[in-house]
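This report concerns only the one structure given below.
Nothing in this text is a laboratory measurement; each read-out follows from the coordinates by a stated rule. What you see is a predicted model, and the numbers here were worked out from it, not measured in a lab. Neighbour counts run over all protein chains shown; Cβ positions are idealised from the backbone, glycine included.
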Amino acid sequence: MHSTALPRADLARLDTGLDAALQRKIDAKTKPPGALGRLEALALQLGRLQGSLSPRIRRPQLLVFAGDHGAARAGVSAYPQDVTWQMVENFLAGGAAINVFARQLGWELQVVDAGVAHDFGARPDLVDAKVAHGTANYLEAPAMSADQCATALARGAALARQAADRGGNLLACGEMGIGNTAAASLLTHFLAPAPLADCVGRGTGLDDLGLARKKELLATAASRHQGANDPLSILARFGGFEIAMMVGAMLAAAEARMLIVVDGFIVTAAALVAARLQPALTDYCVFAHRSGEPGHQLQLEALDARPLLDLGLRLGEGTGAALALPLIQAAANFLDQMASFESAGVAEKI
């Protein structure tokens, strides 16, 4: 499978040539060495990514991708599939949690119809990137064809490149799709890899019986997986159009040297696919938070990732990424604006 979403060459690891100068600048600030903790590592990562001793966050972009899953009709979620399009309407009306956080923080928020089983018509605030009206039911057949998967990857990549062309250097992805925790569980099982039962959680709030049924259905789906176990075939077999578009967006964002802010369980599933395709991807990522969904910890371990926040969130929509933005901004700001011992006339440690 080929797609313009995939980098034209292997994604390069970030150059560490500025690290010594960045560390000297960090250590020269008016504070004890290491006193700003994780913010110091963030500042170094930002400087490394931007190739600058004074990195800045410009026009942070948030893309919320929505898509439906054929397997949702089999009972892998506590909510009916119509909730996907209803929540898209909520996003467009500005009433969801991510809208609240985006307004508070000054995010530029775009809602993307990646493959919702609903016709919205032409809407000024909705990006129509629909591949199809939801994926197929992976209990019966692959969720998407190879061509559909390639189309989703390419459309996600195009949106990330547009964000870069507008001057953005930070991209976060959010998602909405009833049934997508089930898809993320299967992707995690095959790509982490990890035992399937450990990857499956309650999603939108399944009770014990519902969770048992979800585990049974996903075990059946996993047992029917045939073919090569490469990341793209697994994505096409089990993923959603919104997940595939996020994979494409992340790969293109890294190629454009944007910082990628990774949200929770579903978005990290996309990051897991992208990192299996391009292992250097994690150099470009900040992992916003640790989700309350059990499979998320397995994803983070597989990616050797340490999240910034641990708030028990499991909402999705990009909400964890939005909440992490002030920390990322603070890391850039202290490196760029904080006085040094010399400039402030403050005596250094004896």
(message) Based only on other Cβ atoms within 10 Å, what is the fewest-to-most ordering of 31, 25?
(response) 31, 25
(message) Below 24 Å, Cα to Cα, which lysines can residue 25 reach? Residues fewer than 8 away in the same chain don't count.
(response) 349
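222 nm [θ] for the chain, helices only, -39500 (n - 2.57) per DSSP H run of 4+, per residue, to 500? Kindly include the intermediate steps, with their values, before the conclusion.
On the way: 14 runs with 163 residues, N = 350.
The helix-only estimate for the chain comes to -14500 deg cm²/dmol at 222 nm.
For a quick protection proxy, order the peptides 32-39, 207-214, 253-260, 145-152 by their average other-Cβ count within 10 Å, most packed first.
253-260, 145-152, 207-214, 32-39
For 84, 16, what ranking results if the residue with the fewest other Cβ atoms within 10 Å of its Cβ goes first?
16, 84
What FRET efficiency do you get for residue 53 and residue 327 if R0 is 25 Å and r is their Cβ-Cβ distance, rounded to the nearest 0.05? Before the final figure, lay out the partial values.
Numbers: r = 20 Å, r/R0 = 0.80.
Taking R0 as 25 Å, the efficiency between residue 53 and residue 327 is 0.80.
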(request) Provide the packing ranking of 235-248, 300-313, i.e. peptides ordered by the mean count of other C-beta atoms within 10 Å per residue, highest first. (result) 235-248, 300-313
(request) Multiply the residue separation of residue 86 and residue 310 by 0.36 nm, subtract the distance between their alpha-carbon atoms, and state the gained length in nm to one decimal. (result) 77.8 nm
(request) Go through 225, 97, 240 and say which Cα lies farthest out towards the positive end of the charge dipole of the chain; charges sit on Cβ, +1 for Lys and Arg, -1 for Asp and Glu. (result) 97
(message) With the crude spin-label approximation of a point 7 Å out along Cα→Cβ, what separation in nm comes out for residue 9 versus residue 27?
(response) 3.4
(request) For region 1-74, report the translational diffusion coefficient in µm²/s to the nearest whole number, using Stokes-Einstein at 10 °C, 1.306 mPa s, and a Kirkwood Rh over Cα pairs. (result) 99
(request) Go ahead and collect, in residue order, the members of region 60-79 whose backbone nitrogen is under 14 Å from a label point 7 Å along the Cα-Cβ direction of residue 229. (result) none
(request) Please work out the C-alpha center-to-center distance from region 107-167 to region 249-279 and express it in whole Å. (result) 16
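Which whole-number percent of Cα pairs in region 228-335 have a distance greater than 16 Å?
Details: 3245 of 5778 pairs.
Every Cα pair in region 228-335 considered, those over 16 Å come to 56 percent.
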(request) Compute the distance in nm between two label points, each set 7 Å from the Cα along the Cα-to-Cβ direction, one at residue 207 and one at residue 166. (result) 4.4
(request) Starting from the amide H of residue 134, placed 1.01 Å from N in the peptide plane, find each other amide H under 5 Å away whose residue is 5 or more places distant or on another chain. (result) 68, 116, 117
(message) Under 10 Å, Cα contacts only: if you run a Gaussian network model on the chain, which one of 140, 40, 108 comes out with the highest mean-square fluctuation?
(response) 140
(request) Once every Cα of region 103-209 carries one equal point scatterer and solvent is ignored, give the base-10 log of I(q)/I(0) from the Debye formula at q = 0.10, 0.15 Å⁻¹, two decimals. (result) -0.39, -0.87
(request) Report Rg/Rh for region 72-164, rounded to two decimals, where Rg is the Cα radius of gyration and Rh the Kirkwood radius. (result) 0.99
(request) Would you mind telling me which residue in 337, 110, 23 has the biggest mean-square fluctuation in a Gaussian network model of the chain, where springs connect alpha carbons within a distance under 10 angstrom? (result) 337
(request) State whether region 1-133 is rounded, prolate or oblate according to the following rule on the C-alpha gyration tensor (a ≥ b ≥ c being the square roots of its eigenvalues): a/c under 1.5 gives rounded; otherwise a/b larger than b/c gives prolate, and the remaining case gives oblate. (result) prolate
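Write down the percent of antiparallel bridges among all DSSP beta bridges whose residues are both part of the chain, to the nearest 5. The partial results should precede the final answer.
Values: 1 of 24 bridges.
Antiparallel: roughly 5 percent of the beta bridges in the chain.
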(request) Compute the normalised compactness of the chain: alpha-carbon radius of gyration over 2.2 N^0.38 Å, N being the residue count. (result) 1.00
